[in-house]
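The values are calculated or read from the model by the stated rules, or taken from the named source; none is laboratory data. In this text the structure is predicted, and so the values were computed from the model without any measurement. Don't worry about glycine lacking a Cβ; one is built from the backbone with ideal geometry, like all the others, and counts go over all protein chains shown. For accessibility, only protein heavy atoms count, side chains too; no ligands or nucleic acids. Shrake-Rupley method; radii C 1.70, N 1.55, O 1.52, S 1.80 Å.
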Amino acid sequence: IENNCVAVGLTFQDPAGNYLPVAYTSNNAGSSWTLIDDFELPSGQAQGTINNVTCVGDVCIGVGQSYDNNTLNELPLVYTSSDSGNTWTLGSALALPIGQTAGLNGDVSCQANICTMIGFSDRKSVV
């Protein structure tokens, strides 16, 4: 039986009033949870959230968006973890479709080593 669980989202506890990514992990099937709030944001992005997470074994992928307070653009985010969500690494910047200036990742699903991600761009197209 798999006892590791990961939940993701955002917090508004930043002193500047920004929203920031968080995760909660449990190694006892959800009886107790540990807050993980040490998430790097892309350069120039002040805010971010993780919208969804999927795990295969100890490897987890979290997807969401970051937010630039100056341009007001949201950009897609990907985080990876190789230890059941206890530590996270910011993934490489994701390219937006041609002509798009903003976007987000809404959902991710993995089976074995194949993952599918879905999101939206600023022109409301599914990417």
The residue that is most open to solvent (accessible area, probe 1.4 Å), considering only those in the stretch 70-85 that are within 20 Å of Gly9 (Cβ to Cβ) and polar (S, T, N, Q), is Thr80
Give the stretch 47-89 a look and list any residue that's of a type in the set (A, V, I, L, M, F, W, C) and either touching a Gly at 6+ places or on another chain (Cβ under 8 Å) or closer than 25 Å to Asn3 by Cα (or both), or say none.
Ile50, Val53, Cys55, Val56, Val59, Cys60, Ile61, Val63, Leu75, Leu77, Val78, Trp88
Taking into account only those residues within the stretch 86-112 that are touching a residue at least 40 places away in the same chain (Cβ under 8 Å) and in a loop (DSSP other than H, G, I, E, B), which is least open to solvent (accessible area, probe 1.4 Å)?
Trp88
Residues of the stretch 21-48 satisfying the condition of being hydroxyl-bearing (Ser, Thr, Tyr) and assigned to a strand (DSSP E or B)
Tyr24, Thr25, Ser26, Thr34
Report whether or not Ile36 is of a type in the set (A, V, I, L, M) and open to solvent by 60 Å² or more (accessible area, probe 1.4 Å).
no
Suppose we filter the stretch 1-31 for residues that are more than 13 Å from Asn86 (Cβ to Cβ), touching a strand residue (DSSP E or B) at 6+ places or on another chain (Cβ under 7 Å) and open to solvent by 60 Å² or more (accessible area, probe 1.4 Å); how many remain?
2
Residues Thr71, Thr25: which one is of a type outside the set (Phe, Trp, Tyr) and either over 18 Å from Ala102 (Cβ atoms) or modelled with pLDDT of 95 or more (or both)?
Thr25
